[in-house]
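A.B. asks: The structure that follows is given in the form of structure tokens.
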Amino acid sequence: MLRFASLGSGSKGNGTLIESGKTRILLDCGFTLGETERRLHRLGCPPQSLTAILITHEHGDHAAGVGRLSRRYNIPVWLTVGTYHAMRDVKFAQTHYINVHQALEIQDLQITPFPVPHDAREPCQFVFSNGNHKLGILTDVGSHTPLILQMLQRLDALMLECNYDAVMLANGVYPPSLKARVAGRYGHLDNKQSTYLLEQLDLSQLQHLVGMHLSENNNLPNYAYQALCAGAGCEQGWIQLANQADGIDWLDIR
């Protein structure tokens with residue numbers, strides 16, 4: 001069985017757990033050490049049970065807590081060379097490098113990274129598989145590419161960014177430079193982009209669809225639900241949203 005959970009998702013911190021067999025991976029860690037420990041224990045996951053930490057990119061809401069967690073519990077870290085150089089002052093217990101064009105295995109999980117357009121040094125996102133089922137994760141991406149669409153076909157579960165509503169962002173309190181960054185090609189996906197992306201995918205095997213990285217200032221849960229329902233052609237009750245405070249509890253892929 002493949003299963004996954006979210007420690008929390010949003011601009012104040014992100015972390016996702018992926019597990020198969022005895023392998024348990026934490027994707028990103030944007031929380032303080034104490035907060036990470038608390039959120040892991042809430043999900044029944046002692047920090048020392050983690051097999052590895054993977055990092056998508058160096059921004060603080062995804063990577064601020066990785067160094068301390070890795071050193072405290074001697075957890076190896078996987079990241080791209082670009083992300084490593086962007087975090088060159090952070091020490092890890094062990095360091096392994098990701099080639100975004102090459103799959104890797106960590107015990108019971110097969111992991112396929114892929115590059116994404118985001119304003120970081122060498123950002124990537126991932127598809128995780130246990131040989132029978134596949135989970136795709138796509139957040140922190142300003143636009144979709146042919147490769148992204150290829151990677152997310154025929155998944156069993158998808159965690160997809162619905163960061164902002166374009167009208168709310170345009171009329172909101174962010175300064176013009178930040179609005180341009182968020183809405184740019186290397187920023188984040190808005191609700192309509194998420195709808196369009198889903199419409200391009202083969203969702204015939206999908207068991208779970210989770211909305212991720214919702215902006216607390218520039219989006220509303222109802223807007224994200226509407227976007228995901230429209231893209232997937234499903235009812236709202238079939239979708240979950242990972243929030244900043246609680247993430248989501250474990251979901252099984254069978």
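A.B. asks: Residues to consider are ASP202, ASP252, ASP190; find the one that is at pLDDT 95 or above, surrounded by fewer than 13 Cβ atoms within 10 Å (Cβ to Cβ) and acidic (Asp, Glu). Even if it seems obvious, please write down each step before you answer.
C.D. replies: Numbers: ASP252 fails: surrounded by fewer than 13 Cβ atoms within 10 Å (Cβ to Cβ); ASP190 fails: surrounded by fewer than 13 Cβ atoms within 10 Å (Cβ to Cβ).
Answer to the check: ASP202.
A.B. asks: Oh, and also: Quick one: in the range 115-150, which of the residues that are assigned to a helix (DSSP H, G or I) and not β-branched (Val, Ile, Thr) is least open to solvent (accessible area, probe 1.4 Å)?
C.D. replies: Start the filter on the range 115-150 by keeping residues that are assigned to a helix (DSSP H, G or I), which leaves 146-150.
Then keep just the ones that are not β-branched (Val, Ile, Thr); that gives 146-147, 149-150.
Working: PRO146: 110, LEU147: 60, LEU149: 38, GLN150: 126 Å².
The qualifying residue least open to solvent (accessible area, probe 1.4 Å) is LEU149.
A.B. asks: Would you call GLN226 open to solvent by 10 Å² or more (accessible area, probe 1.4 Å) and under 21 Å from HIS133 (Cα atoms)?
C.D. replies: Details: open to solvent by 10 Å² or more (accessible area, probe 1.4 Å): yes; under 21 Å from HIS133 (Cα atoms): no.
It is false that GLN226 is open to solvent by 10 Å² or more (accessible area, probe 1.4 Å) and under 21 Å from HIS133 (Cα atoms).
A.B. asks: Then there's this: Identify all residues within the range 1-49 that are more than 20 Å from LEU158 (Cα to Cα), polar (S, T, N, Q) and either part of a strand (DSSP E or B) or open to solvent by less than 10 Å² (accessible area, probe 1.4 Å) (or both); write none if there are none.
C.D. replies: THR36
A.B. asks: Taking only the range 50-86 into account, find how many residues are assigned to a helix (DSSP H, G or I), in contact with a Lys or Arg (Cβ under 9 Å, 6 or more places away or on another chain) and small (Gly, Ala, Ser).
C.D. replies: Count: 4.
A.B. asks: Okay, moving on. Among all residue pairs at least 6 apart or on different chains, which show Cβ distances below 6 Å where the first residue, located in the range 142-153, is within 15 Å of ASP190 (Cβ to Cβ) and the second is among the hydrophobic types (A, V, I, L, M, F, W, C)?
C.D. replies: Pairs found: HIS144/LEU197.
A.B. asks: If you don't mind, there's one more thing I want to ask. For the range 45-72, give me each residue that is touching a residue at least 24 places away in the same chain (Cβ under 8 Å), touching a Phe, Trp or Tyr at 6+ places or on another chain (Cβ under 8 Å) and of a type outside the set (Ser, Thr, Tyr).
C.D. replies: Within the range 45-72, PRO47, GLN48, LEU50, ALA52, ILE53, LEU54, ILE55, ALA64, GLY65, VAL66, GLY67 qualify.
A.B. asks: Further, regarding this structure: Which of the residues spanning the range 201-240 are closer than 12 Å to ASP165 by Cα and charged (D, E, K, R)?
C.D. replies: GLU216
A.B. asks: What pairs come out if I take residues in the range 93-114 that are farther than 15 Å from LEU17 by Cα and in a strand (DSSP E or B) and pair them with residues that are of a type in the set (Gly, Ala, Ser) and open to solvent by 60 Å² or more (accessible area, probe 1.4 Å) whose C-beta lies under 6 Å away, six or more apart or interchain?
C.D. replies: Pairs found: THR112/ALA103.
A.B. asks: Give the residue that is least open to solvent (accessible area, probe 1.4 Å), with candidates limited to residues of the range 229-247 that are part of a loop (DSSP other than H, G, I, E, B) and closer than 25 Å to ARG39 by Cα.
C.D. replies: If we filter the range 229-247 for residues that are part of a loop (DSSP other than H, G, I, E, B), which is where we start, we get 233-235, 242, 244-246.
Of the ones still in play, those that are also closer than 25 Å to ARG39 by Cα are 242, 244-246.
Working: ALA242: 3, GLN244: 26, ALA245: 58, ASP246: 82 Å².
Per the stated criteria, the residue is ALA242.
The values are calculated or read from the model by the stated rules, or taken from the named source; none is laboratory data. Note that the structure is a prediction, hence the values are computed from the model and not measured. All Cβ positions, even for glycine, are placed from backbone atoms using ideal geometry, and neighbour counts span all protein chains on display. Accessible surface areas use protein heavy atoms only, side chains included; no ligands, DNA or RNA. Shrake-Rupley method; radii C 1.70, N 1.55, O 1.52, S 1.80 Å.
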